[in-house]
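Let me begin by presenting the structure, written as structure tokens, before commenting on it.
The values are calculated or read from the model by the stated rules, or taken from the named source; none is laboratory data. Everything numeric in this text was worked out from a predicted model, so none of it was measured. Positions of Cβ are backbone-derived with ideal geometry, glycine not excepted, and every protein chain shown enters the neighbour counts.
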Amino acid sequence: MKKILVVFGTRPEAIKMAPLCHALRAKHGEFDLRICVTGQHRDMLDQVLGVFNIVPDIDLDIMRPGQTLFDITARILVEMKAVIESEKPDIVLVHGDTTTAFASALAAFYSGVAVGHVEAGLRTHDLHAPFPEEMNRQFVGRLASVHFAPTDKSVANLAAEAVPAQKIFKTGNTVIDALQWILKRLASEPARADAILLRLAELVHFPLVSERYVLVTGHRRENFGQGFEQITAALAELAGRYPGVHFVYPVHLNPNVASHVHAALSGIENIHLISPQEYEPFALLLQHCHIVLTDSGGIQEEAPSLGKPVLVMRDVTERPEAVDAGTVRLVGADQARIVTELSALLDDAEHYQAMAHAHNPYGDGNACERIVTHLREILV
Ligand code: UD1
Ligand code: UDP
């Protein structure tokens with residue numbers, strides 16, 4: 001039986017790898033699945049493991065408060081050597097563009113073990129945006145021998161880098177599998193969904209289903225400092241200009257983000273700074289919000305399928321599909337642009353409707369099944 005070692009470490013990787021772990025586990029007897037978490041994130045990773053009922057076989061528990069890229073890379077590289085030596089997998093599967101993905105892929109490569117890259121081929125072609133993610137995913141692309149690319153564009157990016165066509169598989173993005181699974185579960189248990197909404201309403205002190213709110217998230221390293229100053233100044237300006245609109249902001253735990261955001265925005269009545277939410281409440285926040293303002297990768301993929309206009313606080317994106325479809329706009333980490341574009345969505349109903357159409361360029365919810373099918377063919 002072929003042994004697959006799945007490795008992830010942060011919140012978004014966990015959300016996107018959880019349905020794949022379940023799909024691999026569902027094929028009893030076909031694969032020997034081992035799940036290793038690096039613990040690059042602790043609280044935010046554990047939130048996801050709990051929701052998806054995943055118990056890792058190995059937990060490297062590497063997170064330290066205020067960790068640097070050097071700390072994460074060095075710790076994971078050394079620890080993964082030992083894991084790969086003792087587990088002896090036939091393939092190591094990593095996800096996306098985090099430092100967990102890069103360092104784990106490098107450890108597998110040094111150990112002579114094949115690497116499979118889930119969410120392969122996304123590119124901005126700007127090594128500083130997002131930083132260090134663009135470099136991480138390009139590195140993983142060089143190290144991998146199998147590439148599970150979500151869209152036509154990501155397939156084309158890999159082809160342009162001379163990755164052989166027989167090593168690229170278009171699968172859709174597993175985030176849609178995860179989102180559909182969580183929304184289906186909430187729909188099948190309306191009393192639980194209501195209870196979660198009630199808890200959220202108590203947290204923000206307004207009824208989420210009947211009042212307009214903008215859902216905000218931000219955590220990119222290249223926005224630290226000046227970028228976050230612009231972002232928080234824009235939010236303060238918008239909150240003053242639109243006292244009837246709420247701004248709900250689950251603040252990332254990275255101290256470079258949290259300390260600035262709390263210092264700049266605490267005490268503004270219609271800005272609600274809350275802690276990172278588990279995936280179920282966050283999905284409900286997405287479902288009921290009016291507009292999304294974010295620099296996140298995953299949220300750019302989720303929000304279009306829920307018909308929400310998304311303003312992305314970056315100058316470039318590796319996810320151009322929803323920009324092309326008109327539901328996502330790039331506004332940079334720029335106070336004036338954020339204020340102008342968000343005001344246009346709040347003031348102009350026609351403009352809002354033009355952006356708010358539900359569509360799904362990132363997947364159909366069957367990405368994991370496709371990946372499992374390809375792995376079956378590859379691991380003969
Ligand atoms: C990481 C990823 C980024 C991804 C993001 C998702 C890298 C280099 N960065 O960025 O690609 O988009 O996760 O959120 O791989 N912290 C906690 N508890 C947690 C998580 C983080 O306290 O559960 C704090 C710690 O002080 C930690 C710091 O946040 O040291 C930074 O975490 P880190 O994983 O280095 O960076 P992120 O900004 O979270
Ligand atoms: N998310 C969540 N709770 C939150 C904020 C985000 O569950 O409070 C989810 C969101 O739905 C998406 C993922 O986390 O699936 C995105 O993570 P993040 O923005 O931290 O990372 P990125 O996608 O930018 O790498």
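The table below lists the values:
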| read-out | value |
| --- | --- |
| Test: LYS167 is in contact with a His (Cβ under 8 Å, 6 or more places away or on another chain), within 24 Å of ALA367 (Cβ to Cβ) and surrounded by fewer than 19 Cβ atoms within 10 Å (Cβ to Cβ) | yes |
| Tally of residues being over 23 Å from ILE182 (Cβ atoms) and free of Cβ contacts under 8 Å to residues at least 60 places away in the same chain across region 37-58 | 2 |
| Residue in region 262-272 that is more than 13 Å from ligand 1 (Cβ to nearest atom), among the charged types (D, E, K, R) and within 14 Å of the chain's Cα centre (by Cα) present | no |
| Residues satisfying the stated conditions in region 59-74, i.e. more than 8 Å from ligand 1 (Cβ to nearest atom) and in contact with a Ser or Thr (Cβ under 9 Å, 6 or more places away or on another chain) | ASP59, LEU60, ASP61, ILE62, THR73 |
| Test: residue in region 209-217 that is among the aliphatic types (A, V, I, L, M), surrounded by fewer than 15 Cβ atoms within 10 Å (Cβ to Cβ) and more than 16 Å from ligand 1 (Cβ to nearest atom) | yes |
| Residue list for region 3-31, filter: at pLDDT below 95 and of a type in the set (D, E, K, R) | ARG25, LYS27, GLU30 |
| Pair list, Cβ under 6 Å, 6 or more apart: region 359-378 residue charged (D, E, K, R), other residue crowded, with 16+ Cβ neighbours inside 10 Å and outside any helix (DSSP H, G or I) | ASP364/GLY172; ARG370/THR171 |
| Single residue of PHE247, PHE148, PHE206 found to be in contact with a strand residue (DSSP E or B) (Cβ under 9 Å, 6 or more places away or on another chain), among the hydrophobic types (A, V, I, L, M, F, W, C) and part of a loop (DSSP other than H, G, I, E, B) | PHE206 |
| Close pairs (6 angstrom Cβ cut-off, 6 or more residues apart or separate chains): in contact (Cβ under 8 Å) with a residue 24 or more places away in the chain and surrounded by fewer than 23 Cβ atoms within 10 Å (Cβ to Cβ) in region 311-334, of a type in the set (Gly, Ala, Ser) and in a loop (DSSP other than H, G, I, E, B) anywhere | ASP315/GLY332; VAL316/ALA129 |
| Any hit, region 142-161, residues being closer than 29 Å to THR373 by Cβ, free of Cβ contacts under 8 Å to residues at least 40 places away in the same chain, buried (at least 20 other Cβ atoms within 10 Å of the Cβ) and of a type in the set (S, T, N, Q) | yes |
| Subset of region 118-132 [farther than 22 Å from VAL78 by Cβ and not aliphatic (A, V, I, L, M)] | GLU119, GLY121, ARG123, THR124, HIS125, ASP126, HIS128, PRO130, PHE131 |
| Test: residue in region 7-24 that is closer than 20 Å to ASN366 by Cα, among the β-branched types (Val, Ile, Thr) and in contact with a Gly (Cβ under 8 Å, 6 or more places away or on another chain) | yes |
| Check on SER188, of a type in the set (Ser, Thr, Tyr), at pLDDT 95 or above and farther than 28 Å from GLY307 by Cβ | no |
| Residue, surrounded by the fewest Cβ atoms within 10 Å (Cβ to Cβ), within region 107-136, restricted to residues that are within 16 Å of ligand 1 (Cβ to nearest atom) and closer than 22 Å to GLN166 by Cα | ARG123 |
| CYS368, sole failed condition from (1) closer than 25 Å to ALA156 by Cα; (2) touching a strand residue (DSSP E or B) at 6+ places or on another chain (Cβ under 6 Å); (3) crowded, with 18+ Cβ neighbours inside 10 Å | (2) |
| Filter pass, PRO19 being within 16 Å of ligand 2 (Cβ to nearest atom) and either touching a residue at least 12 places away in the same chain (Cβ under 8 Å) or small (Gly, Ala, Ser) (or both) | yes |
| Positions within region 335-354 being of a type in the set (S, T, N, Q), surrounded by fewer than 15 Cβ atoms within 10 Å (Cβ to Cβ) and over 17 Å from HIS246 (Cβ atoms), in sequence order | THR340, GLN353 |
